[in-house]
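Written out below as structure tokens is the structure these notes cover.
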Amino acid sequence: MGYEERYHRQLILPEIGVEGQEKLSKAKVLIVGVGGLGSPIAIYLAGAGIGTIGLIDDDVVSVTNLQRQVLYSEEEVGLSKALHAKKRLLSLNSSITVNAYPFRLKEENAREIIQEYDIIVDGTDNFLVRFLISDVCKELGKTYVYGAICGLEGQVAVLCKGNATYRTLFPDEKETLAMPHPGKQVVGVTPAVIGSVEASQVIMLISGYGEPLIDRLWSIDLRTMQSFMINI
């Protein structure tokens, strides 16, 4: 399948075109966590032709994941998410490069891995990892696309590109880490919506069109479809 045929539907968009597609093909994007959020992020970025995608996750597929983690199948239960997500993305688009890191992002490895990528995308549900991503992105001058979900609600922001970081949203790390976990209740479409918005932000940032959520937090309640935006 030729380059123009594969990407025809976005090449004819004036916001992308050939120039934007070339930018996408040269971009390097790291997705931290390839679960509910990471699944749509990874699928749509691979489909869009992001040249290099990194996937970092130390977890294995469980049957409870399949309700929302659309990267995986029943046959992959018990197997590495990162490794099988890589296999799935390459089956979708063999022209891209996919790097799998089947371990947890930690203080000891974060700088070495993050420095290899242009944009870091949040597919995690861990406060501590988000502080780490944000701090390293700020230090290295990388862009952090943040996303979070709970039940039927979600939010997205672009951090470390302007003035805002994750610490702008949660200035007291000790207090934030002491908060009770919001719970694991979720309907599958919530990460689908939020992850797709995160992927859209990545494509916008790379291609250079629109108004990305730099220093802005967008939230939506899927029970009412009410959304709002605040400056951060």
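Note on the chain: with neighbouring protein chains present and a 1.4 Å probe, carbon and sulfur make up 52 percent of its accessible heavy-atom surface. Estimated from helices alone, the mean residue ellipticity of the chain at 222 nm is -11000 deg cm²/dmol (sum of -39500 (n - 2.57) over DSSP H runs with n ≥ 4, per residue). With a Cα-only, solvent-free Debye model of the range 177-232, what are the log10 I(q)/I(0) values at q = 0.27 Å⁻¹? The computed values of log10 I(q)/I(0) come out as -1.16. Packing here is the average count of other Cβ atoms within 10 Å per residue, and on that basis the peptides 109-122, 56-69, highest first, run 109-122, 56-69. The value of relative contact order for the range 92-231, using C-alpha pairs under 8 Å at least six residues apart, is 23 percent. A straight Cα-to-Cα reach below 13 Å connects K87 with the aspartates and glutamates E76, residues fewer than 8 places away in its own chain not being considered. For K174, a cut-off of 27 angstrom between C-alpha atoms picks up these lysines, skipping any fewer than 8 places away in its own chain: K106, K138, K142, K161, K184. Taking the Cα centre of the range 1-142 as origin and assigning +1 to Lys and Arg Cβ atoms and -1 to Asp and Glu Cβ atoms, the resulting dipole is close to 100 debye. Database remark: amide H of V98 closer than 5 angstrom to the amide H of I53 (H placed geometrically; neighbours at sequence offset of 5 or more, or on other chains; Pro and chain starts carry no H). The protection proxy used here, the mean number of other Cβ atoms lying within 10 Å of each residue, ranks peptides 190-196, 213-219 as follows, highest first: 190-196, 213-219. In order along the range 220-227, phi translates into HN-Hα couplings of 9, 10, 6, 6, 10, 6, 7, 10 Hz, rounded to whole numbers, per the Karplus curve 6.51 cos²θ - 1.76 cosθ + 1.60 with θ = phi - 60° and x for Gly and Pro. Straight Cα distances below 15 angstrom link K23 to the aspartates and glutamates E4, E15, D118, with same-chain residues fewer than 8 positions distant left out. For the range 12-128, what class follows from the C-alpha gyration tensor (a ≥ b ≥ c being the square roots of its eigenvalues): rounded when a/c is under 1.5, otherwise prolate if a/b is larger than b/c, else oblate? Oblate, because a/c is 1.5 or more while a/b does not exceed b/c. Only one residue of Y7, I120, V136 has its Cα farthest out toward the positive end of the dipole of the range 1-136, where Lys and Arg carry +1 and Asp and Glu -1 on Cβ, and that residue is Y7. Considering only S200, Q226, Y44, the residue lying farthest towards the positive end of the dipole of the chain is Y44, judged by Cα position with unit charges set on Cβ. Normalise the Debye intensity by I(0) for the chain, one equal point scatterer per Cα, no solvent, then take log10 at q = 0.15 Å⁻¹ and round to two decimals. Log10 I(q)/I(0), no solvent term: -1.01. A cut-off of 5 Å between modelled amide H atoms, ignoring neighbours fewer than 5 places along the same chain, links A27 with G51, T52.
Rolling a 1.4 Å probe over the protein chains gives K106 an accessible area of about 100 Å². Based on the alpha-carbon gyration tensor of the range 68-164 and its eigenvalue square roots a ≥ b ≥ c, which shape applies: rounded if a/c is under 1.5, prolate if not and a/b is larger than b/c, or oblate? Prolate shape, in that a/c is at least 1.5 and a/b is the bigger ratio. The protection proxy used here, the mean number of other Cβ atoms lying within 10 Å of each residue, ranks peptides 45-53, 29-37, 8-16 as follows, highest first: 29-37, 45-53, 8-16.
Remark: the chain carries 49 Å² of accessible area per residue (probe radius 1.4 Å; ligands, DNA and RNA excluded).
The values are calculated or read from the model by the stated rules, or taken from the named source; none is laboratory data. Not measured: the values here are computed from a predicted model. Virtual Cβ from ideal backbone geometry, glycine too; neighbours counted across all protein chains shown. The area values use the complete protein model at the heavy-atom level, side chains included, leaving out ligands, DNA and RNA. Shrake-Rupley method; radii C 1.70, N 1.55, O 1.52, S 1.80 Å.
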